[in-house]
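As structure tokens, the structure follows; a few thoughts come after it.
The values are calculated or read from the model by the stated rules, or taken from the named source; none is laboratory data. Note that this is a predicted model, so its numbers are computed, not measured. Here the Cβ positions follow ideal geometry from the backbone for every residue, glycine too, while neighbour counts run over all protein chains shown. The accessibility values were calculated without ligands, DNA or RNA, using every heavy atom of the protein model including side chains. Shrake-Rupley method; radii C 1.70, N 1.55, O 1.52, S 1.80 Å.
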Amino acid sequence: MATFSIQNFGCRATEADASALRARMLELGMTLAAGHESADFVVLNTCTVTAAADAQARDAVRKVHRENPAARIVVTGCYAQRAPEELAALDGVAWVVGNSHQMEIPARIGAIARAASESNFVSISALTANEQDEMSLSRGPAKILTGDIFAQADVAIAPAAKPAGDRTRPILKIQDGCNNRCSYCVIPFVRGRSRSLPPDTVVGEVSKLAEAGAREIVLSGINLGSYGRDLTPRASLAGVVQRILTETQVERLRCSSIEPQHVTEDFVALVAGSPRIAPHFHMPLQSGCDRILRAMHRWYRAEHYAERVKLIARALPDAAIGADVVAGFPGETDEDFETTVEFIERLPFTYLHVFSFSSRPGTRAAESNALIPAKTIRSRARALRELGQKKAEAFRASQAGRTMRALTLHRQGDGWTEALTGNYLRVRIPGLVAANDWCDAYVNAEKISA
Ligand code: SF4
């Protein structure tokens, strides 16, 4: 049977999609190749959140084609949904499949692989051009398969199994798409409208993952906080988390990024009330300046956001509080930037994810004539990363001397194993310990190298 490899670019939601694709292709009897260099089919699940992400995907296509010219490259994901022609023009690409049709990939490849094997095990690259063309495998122009992403109703999930490769904590994507229209963001146009898995399905999947041995499960979505708003009867993130705690044996649950307006008092109280929920909040901020937040079409102003941070810090003084911040949004003056820096400095963030503004085709911000010079964007991003580093070190120092329950990860070194605490600190414990096990980890002030 044919072999395949799969590479994921981008966020946790796309990582969950890649897991679903991988699991389905294995279910169809295909074999996971050791790497792209030996695969019949190479699936690249792309991201398009920044121009750099697009370039990374194109580089990956060229690298695969150079190292394994016989491979049939299938490009899918957000970049494929946004600009299929750009990818189809690259050598070696057999198909470009948008998010709209992504979950059809396993069956389509499986059908071709089966056809190839039934033709007396002729390896795919040995098929004649006609045979290849019949099977859409010819070296001719890539085939494009995309459709209306807003017609998407499903949320793809991977069959519950221990995570593949060096991932210890499985990601369960329970929501996809987004109904917001932040002016810089291309995501709604490549992932569609917000849609949620029914709560029963979520609880069922969490149970299966826990039974499959997962000790910590990460709930993810594109706009996780809007979970359940599209369902009838309406559901909520807090509601489904409560059901998970009551109806499953999961030992630790972690929520990925949640928009600030969804970090409610009830939700914070739920997290504070259960040792089985990781005290970790990742809340996109993007800017600390109201003028810029308005231009970004964000749903809150700086002081609303600050209130959420203070709410968390009051209820969970040792919680991790992380934020996404954009450097160099169009029209951002030095004063606006200083406002953002001061805003971050006065709040107890424990880490930052810093993004340089990247103009995305089809977004409002891309039409702006107030773009900031690249040099300025770079220096602002650098300043924010340094600030984020300082915050992370200060938080680590504040936790030094504590012994905390941590989950061992795959990463090991000379006589040590990495483990992750509930409040998102990576610590080294002595000895080589198997991944996915609980330990009591002593936190020292020294920063663990990334
Ligand atoms: S909330 Fe805004 S930034 Fe986040 S995915 Fe939706 S549109 Fe994009």
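Within 10 Å, Cβ to Cβ, of Gln412, how many net charges do the neighbouring residues add up to if Lys/Arg are +1 and Asp/Glu are -1?
0
Show that you can apply the helix-only estimate: for the chain, add -39,500 (n - 2.57) for every DSSP H stretch of four or more residues, divide by all residues, and state [θ] at 222 nm to the nearest 500.
Calculated mean residue ellipticity at 222 nm is -10500 deg cm²/dmol.
Hey, can you grab everything whose amide H is under 5 Å from the amide H of Ala320? Only 5+ residues off in sequence or another chain; H modelled, so Pro and N-termini drop out.
His280, Phe281
May I ask which residue of Leu409, Leu425, Trp438 lies farthest towards the positive end of the charge dipole of region 403-442, with charges of +1 (Lys, Arg) and -1 (Asp, Glu) on Cβ and the Cα centre as origin?
Value: Leu425.
Per residue of region 269-276, in order, report the coupling 6.51 cos²θ - 1.76 cosθ + 1.60 (Karplus, θ = phi - 60°) as ³J(HN,Hα) in whole Hz, putting x for Gly and Pro.
Listing the rounded values in order: 5, 4, 5, 5, x, 9, x, 8 Hz.
Send over a whole-number figure in Å² for the accessible area per residue of region 403-442, probe 1.4 Å.
Computed with neighbouring chains in place, this is 47 Å² per residue.
Please compute, over every Cα-Cα pair in region 403-442, the percentage with a separation greater than 16 angstrom.
More than 16 Å apart: 16 percent of the Cα pairs in region 403-442.
Working from Cα positions, state the angle (0 to 90°, nearest 10) between the long axis of helix 199-211 and the longest principal axis of the chain.
Taking the Cα atoms of the chain, the angle to 199-211 is about 80 degrees.
Taking H placed 1.01 Å from N in the peptide plane, check which residues at least 5 places from Ile144 or on another chain put their amide H under 5 Å from its amide H.
Residues meeting the amide H criterion: Val96.
Under a plain spin-label model, where a point goes 7 Å from the Cα along Cα-to-Cβ, how far apart in nm are Leu371 and Ala394?
That separation, rounded to one decimal, is 3.5 nm.
Using alpha carbon centroids, what distance separates region 273-300 and region 388-420, in Å?
24 Å
Tell me, what is the FRET efficiency for Arg114 and His297 to the nearest 0.05, using R0 = 56 angstrom and their Cβ-Cβ distance as r?
0.70
In degrees, nearest 10, range 0 to 90: what is the angle between the Cα axis of helix 12-27 and the longest Cα principal axis of the chain?
30 degrees
Measure nothing fancy, just the Cα-based angle from helix 302-315's long axis to the longest principal axis of the chain, in degrees from 0 to 90, nearest 10.
80 degrees
What FRET efficiency comes out for Asp266 versus Arg62 if R0 is 51 angstrom and r is the Cβ-Cβ distance? Round to the nearest 0.05.
0.55
For region 12-65, state what percent of all Cα-Cα pairs lands in each successive 5 Å bin, counting from 0 Å until the bin that includes the largest distance.
4, 18, 22, 25, 20, 10, 2, 0
Over region 191-245, how many percent of alpha carbon pairs lie in each 5 Å bin up to the one with the longest distance?
4, 19, 30, 24, 14, 7, 1
With all protein chains present, how much of the accessible area of the chain (probe radius 1.4 Å) comes from carbon and sulfur, to the nearest whole percent?
On the chain, the fraction of accessible area on carbon and sulfur atoms equals 52 percent.
Hey, could you get me the Stokes-Einstein D for the chain, Kirkwood radius over alpha-carbon pairs, 4 °C and 1.567 mPa s, rounded to whole µm² s⁻¹?
In µm²/s, the coefficient is 56.
State the cysteines of the chain left without a partner when partners are defined as other cysteines whose beta carbon lies under 4.7 Å away.
So far as the 4.7 Å Cβ criterion goes, Cys11, Cys47, Cys78, Cys178, Cys255, Cys289, Cys439 stand without a partner in the chain.
Grab the chain and count how many Lys pairs have their alpha-carbon atoms under 21 Å apart, sequence gap of 8 or more, or different chains.
Close lysine pairs under the 21 Å cut-off: 8.
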